Structure formats: structure tokens, C-alpha cells
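Enquirer: Structure below; questions to follow.
The values are calculated or read from the model by the stated rules, or taken from the named source; none is laboratory data. Just so you know, these numbers come straight off a predicted model, no measurement behind them. Methodologically, a virtual Cβ is constructed for each residue, glycine included, from the backbone with ideal geometry; neighbour enumeration extends over all protein chains shown. Note: areas computed on protein heavy atoms with side chains; ligands, DNA, RNA excluded. Shrake-Rupley method; radii C 1.70, N 1.55, O 1.52, S 1.80 Å.
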Amino acid sequence: MPHPAIHAVASTQRWAFAGLLVGVAVAIVAWAPARWLASAVQSISQSQVHLEQPSGTIWSGTAQLALSGGSGSTDTVALPGFVTWRMRPTWGGLRMDLNASCCTPQPLKIAARAVGFSGVHIDLSDHQSTWPTSLLVGLGTPWNTLQLQGQLAVSSQGLKLDISREQLAMAGQVQVDANQVSSRLSTLKPMGSYRVIVQGGSTPTVQLQTLDGSLELSGSGQWVGSRLRFEGMATAQADRIEALSNLLNIIGRRNGALSIIQVGS
């Protein structure tokens, strides 16, 4: 039978070893490098979102945000300047403050938590931000063909998302104003300004309208499950049809002076 003193020493050693393991685990989580977050973002987005030149930790770091058409795509466009983030764990989820030096007057405040085994619930605080339209080029077709230039003014109210593999559920509203837009497919600069409104509900909807300009766009659609179905049309003012003809041929099915736009039909 072991001597009590020997048993006490062994017990102390076990507790010390357990404490060491816990300390190492906490240190790994606390000081996990930002490149781990960059790798996770790239995997989750299927290589469409990249955090380049990451520095810091997963909890507090900086990187350059870039969009890509996905694995194997050569169309990658980086946002001017850097994005910074600060994350902290909450009960069952995370909270993040995200700031882009070029585009967000105030940091975006995001809360996320897991839903079941394959879903996530996201809350985004009401915000306003401005992004370069050229960033869309990085997403590949059709944006790399259109090569849009201009500014995207984005605002949201009460935005909540429930995302899973099968379905997208949304509450709140997102408005995107594309201002003074031009394209490499037309010599007319600018072509116009446009507004897209995404409205949450049991079936989220999207509306497209023209604010001003020679190229007139309109349309509406809705999300069915996780897929967008959209129908719209584009037309040019009578004295601008020739200058916009190439663009009308590309963005939809040409029908005389109209171009019929269909997504997910």
C-alpha cells in the first residue's frame, strides 16, 4: 500500500499537470494567430473572401480584405487600406467590432451564435457605410465583365439573418444605393444611379429601381430557400441606346430596346 505522503505527491502532480494543460489550451486560444481566422474565412466562403496579410490574433487583428470568384479564379480585388477587428466570446457565440479604414465611419457591430449543428444566427447593428463598386469585380462573372465603377452606399436597419445550408431567413432591411455608376462596356460615364432594397420577412424580397440616369433598371425578386429568383429589365433612353448597346447585350436577353434580366429562373 503506497505511503500517504507518496499518494499526496502523486495527486499534486496530477493536478499540476492538468493545470498546465488547461493553461496551454487557454494560451493557444487567447493568442491564436490571425492567419487561423483568415484560413477559416477563406474555407467558409469557398475562397470568395480573403483576409490577406493578416496580423495580430483571431481576437484582435488587421488584414486586407479581398474578394475573389472562388477557387482557381484569377479575379481578385482588394479593398483599399486595411480592416481591423475585435472579437470576444459570449454565451453560445461571438461579438465582433469590424472597421474598414476606407469605408465604415463607425465600426460594424456583429453578433453571431450557432443554431443547431449547421446554422448560424447573425445580428448586425444599424449602420451606414460606403464601398467602392470596383470591389465586385473580384467576385467573377458577370462583375469582371461589367467592370463597374462608382460608390455603393449601404445602410441597414434591424438586420438579422438565420443561415443554413438549405435556407436563408432574414428580418430587417438593407438598402444599397449605387451612385454615379459607369462600366467599361459603355463610353457613357456615368450611366446612372440605382437603388436596391432587400426586405426581410417570411420570404425575403429584393427591389431594384433607377434613381437617375440614361440606363434605366427595374426589377423584383425573392429568396426561395437559399436561392434568389429575380426578374427585371434594362432599357436606355432613346438618344443613348447606341452608347449602351453593348451593356444591354451583356446584362440580359435582348428584346429590341429592352434587355430582360433573369436570375435563378
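Enquirer: Going by the conditions given, is Gln175 farther than 21 Å from Gln147 by Cα and open to solvent by 70 Å² or more (accessible area, probe 1.4 Å)?
Expert: Working: farther than 21 Å from Gln147 by Cα: yes; open to solvent by 70 Å² or more (accessible area, probe 1.4 Å): no.
Answer is no for this residue.
Enquirer: A follow-up question, please. Identify, from the list Gln222, Gln262, Gln173, Gln157, the residue that is without any contact (Cβ under 8 Å) to a residue 24 or more places away in the chain, part of a strand (DSSP E or B) and under 24 Å from the mean Cα position of the chain (by Cα). Write out each step before concluding.
Expert: Numbers: Gln262 fails: without any contact (Cβ under 8 Å) to a residue 24 or more places away in the chain; Gln173 fails: without any contact (Cβ under 8 Å) to a residue 24 or more places away in the chain; Gln157 fails: without any contact (Cβ under 8 Å) to a residue 24 or more places away in the chain.
Unique residue meeting the criteria: Gln222.
Enquirer: Going through the stretch 232-265 one residue at a time, which ones are at pLDDT 85 or above, aliphatic (A, V, I, L, M) and touching a strand residue (DSSP E or B) at 6+ places or on another chain (Cβ under 7 Å)?
Expert: Within the stretch 232-265, Met233, Ala234, Ala236, Leu244, Leu247, Leu248, Ile251, Leu258, Ile260, Ile261, Val263 qualify.
Enquirer: Mind listing whichever residues of the stretch 230-259 are without any contact (Cβ under 8 Å) to a residue 40 or more places away in the chain, surrounded by fewer than 17 Cβ atoms within 10 Å (Cβ to Cβ), among the hydrophobic types (A, V, I, L, M, F, W, C) and not in a strand (DSSP E or B)?
Expert: Passing the criteria: Ala238, Ile241, Ala257.
Enquirer: Looking only at the stretch 36-52, filter to residues that are polar (S, T, N, Q) and without any contact (Cβ under 8 Å) to a residue 12 or more places away in the chain; which one of those is surrounded by the most Cβ atoms within 10 Å (Cβ to Cβ)? Let's see the steps before the verdict.
Expert: First pass over the stretch 36-52, keeping only residues polar (S, T, N, Q): 39, 42-43, 45-48.
Going one step further and asking which of them are without any contact (Cβ under 8 Å) to a residue 12 or more places away in the chain, we end up with 39, 42-43, 45.
Details: Ser39: 13, Gln42: 17, Ser43: 9, Ser45: 13.
Restricting to residues being polar (S, T, N, Q) and without any contact (Cβ under 8 Å) to a residue 12 or more places away in the chain, the top hit is Gln42.
Enquirer: Okay, next question. Search the stretch 126-154 for residues being open to solvent by less than 40 Å² (accessible area, probe 1.4 Å) and assigned to a strand (DSSP E or B), and hand back the single one that is farthest from Phe82 (Cα to Cα).
Expert: Within the stretch 126-154, the match that is farthest from Phe82 (Cα to Cα) is Leu148.
Enquirer: Let me ask another. Within the stretch 85-123, can you find the residues that are touching a residue at least 40 places away in the same chain (Cβ under 8 Å) and of a type in the set (A, V, I, L, M)?
Expert: Selection gives Val115, Val120, Ile122.
Enquirer: Of all the residues that make up the stretch 84-125, how many are open to solvent by 70 Å² or more (accessible area, probe 1.4 Å), in contact with a Ser or Thr (Cβ under 8 Å, 6 or more places away or on another chain) and closer than 17 Å to Leu37 by Cα?
Expert: Adding up the residues that qualify gives 2.
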